[in-house]
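Just below is one structure, and these are the notes that go with it.
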Amino acid sequence: MIIGACGFGATGSSVLTDLLREYDDIQVYDTFEFIMSYRVDGLEDLEYHLMKQYSKGESCDAAIRRFLRRSKSYKVPFINKPCCGNEFYTLSKKFIDEITQFTFQGLYTAEVCSGYILKDIFAFASKKVFMPKIIEKVAGKRVYLWPCGKKYFSVEPDNFYSAAKKYTSGVLRAMGADMHKPICLDQPFSGNSPENSFPFYEDPYAVVIDKDPRDLFLAGKYTKDPNFKFSPIDDVEKFITYYKNIRQHKSDDKRVLNLRFEDLIYNYDESIKTIEEFLNIKNHVRVKAFFDPSRSINNTQLIRLHPQDQANIEKIEKELPEFLYPFDKYCDVKFNGKPFDGAARKPFEQ
């Protein structure tokens, strides 16, 4: 079983990885985000261009080459990655070889439409003038000079999904994971549509954790984490649009559990029971050893620390009422510490 701890960016999904460390026999990997299926030019994009909406042969070739180029990114030193970058690329190349129906030397329109003006001028000249009117006339045969090159053809390969599962399992084994035991990964599925990545994994389940927009806005505005640049925090109107639009479609897949970050704190026992039933797990042997709701509660109701932001918070409350957590039901809550940045677990308040 592959368990995905999913969210929308700083919405508290790390509480699941912390929580599952408290159970025996669950392997937890959260030092990197396992985004290989839904990232740009990942498996979902490859599926779209090979299995769903291919445009003759050109789109599958472009998608495959982009997928391989993106896979090379894990060769870059100093970035968090699931396994050795060279090994990751080797596994990616093997996957592509398995689903490619054939390769050939050729030229598609995309090669002369890169958007780089000088490059396209030379490519167009080679395609229309240099090769056909000079080289091929002299050689007396067809030639394949630049911008020609190796082309991949793969349209609805029968083994796409089986090969994809083999590929992701191979990466997990390269990490050292035991495929016979439950594995919890950080962000293997997109929080807004986790089921789109399920076809690429063996026995996948997603727990999607979301956070009250008021606290998310204030956490982003006042955090010391330099990486918090994935959402528009400097403009509350843009933040409201961002928050609302990426949550327009809620999954109803039975393998997806949607939870509120706040419920894991304010309704701890009930939430734990819900998770255990969903994942069919038990033996919670290290209760609150890693996820301590009495500490995480300090990451809620942040307006108490920033009354100067009341006007912005009122705008959020007006525009996003369906996403607000009913804090007013918990008036006797005690805060005993400072808020902290999710991944670093370090306080961001002075």
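Miscellaneous remarks
- With viscosity 1.567 mPa s and temperature 4 °C, the Kirkwood radius over alpha carbon pairs of segment 131-171 converts through Stokes-Einstein to a diffusion coefficient of 94 µm²/s.
- Distance from segment 37-64 to segment 181-226 (C-alpha centre basis), Å: 24 Å
- Take every DSSP beta bridge whose two residues both sit in the chain; close to 30 percent of them are antiparallel.
- Rounded to the nearest 20 debye, dipole of segment 140-215 from Cβ charges on Lys, Arg, Asp, Glu: 780 debye
- Order of exposure, largest accessible area first, which applies to E22, E111 with probe 1.4 Å: E111, E22
- The chain - percent relative contact order, Cα under 8 Å, separation 6 or more: 26 percent
- Signed unit charges on C-beta, dipole axis of the chain, positive-most listed residue N258, Y222, P147: P147
- Residues in segment 173-187 that a label on E87 would reach, taking backbone N under 17 Å of a point 7 Å out along Cα→Cβ: 173-180
- Within the chain, helix-based [θ] at 222 nm, where runs of 4 or more DSSP H residues each add -39,500 (n - 2.57), nearest 500: -10000 deg cm²/dmol
- Kirkwood hydrodynamic radius of segment 175-244, Cα pairs, Å: 14.8 Å
- Coordinate range along principal axes, alpha carbons of segment 53-120, Å, largest first: 36, 32, 23
- Around the amide H of C184, modelled in the peptide plane, lie the amide H atoms of I3, Q27, V28, Y29, all under 5 Å away and 5 or more residues distant in sequence or on another chain.
- Calculated SAXS-style log₁₀ I(q)/I(0) at q = 0.17, 0.18 Å⁻¹ - segment 44-171, Debye, Cα scatterers: -0.95, -1.01
- Selected from C331, C184, C84 as most flexible by GNM, with the chain as the system and alpha-carbon contacts under 10 Å: C331
- Net lengthening on full extension, F124/Y144 (0.36 nm per residue, minus Cα-Cα): 5.8 nm
- Phi-derived couplings, Karplus 6.51 cos²θ - 1.76 cosθ + 1.60 at θ = phi - 60°, listed residue by residue for segment 323-338: 9, 7, 8, x, 4, 5, 7, 10, 6, 9, 5, 10, 9, 10, x, 9 Hz, with x used for Gly and Pro.
- Taken about its Cα centre, segment 212-350 carries a charge dipole of about 480 debye when Lys and Arg each add +1 at the Cβ and Asp and Glu each add -1 at the Cβ.
- Note on T100 and V76: the extension gain reaches 6.0 nm, defined as 0.36 nm multiplied by sequence separation minus the Cα-Cα distance.
- Candidates D203, D234, D292, ranked by Gaussian network fluctuation over the chain, Cα under 10 Å, top entry: D234
- Note on segment 98-207: Rg/Rh from C-alpha atoms, Kirkwood Rh, equals 1.21.
- Think of segment 26-66 as having a plus end and a minus end, set by charges on the Cβ of Lys, Arg, Asp and Glu; of I26, M51, Y38, M51 sits farthest toward the positive end of this dipole.
- Residue of L324, L145, L264 that the Gaussian network model of the chain assigns the largest fluctuation, springs spanning Cα pairs under 10 Å: L145
- Solvent exposure of I121, expressed as accessible area, is near 100 Å², computed with a probe of 1.4 Å over the protein chains only.
- Two-decimal ratio, the chain, of alpha-carbon radius of gyration to 2.2 N^0.38 Å: 1.20
- Rough spin-label spacing in nm, given labels placed 7 Å along Cα→Cβ, for D263 and R21: 2.4 nm
- A Cβ-based charge dipole, computed about the Cα centre of segment 296-335 with Lys and Arg at +1 and Asp and Glu at -1, lands at about 160 debye.
The values are calculated or read from the model by the stated rules, or taken from the named source; none is laboratory data. Note that this is a predicted model, so its numbers are computed, not measured. For neighbour counting, all protein chains shown are included, and Cβ atoms are generated from backbone atoms with ideal geometry for every residue, glycine included. Heads up: the accessible areas ignore ligands, DNA and RNA and are worked out on the full protein's heavy atoms, side chains in. Shrake-Rupley method; radii C 1.70, N 1.55, O 1.52, S 1.80 Å.
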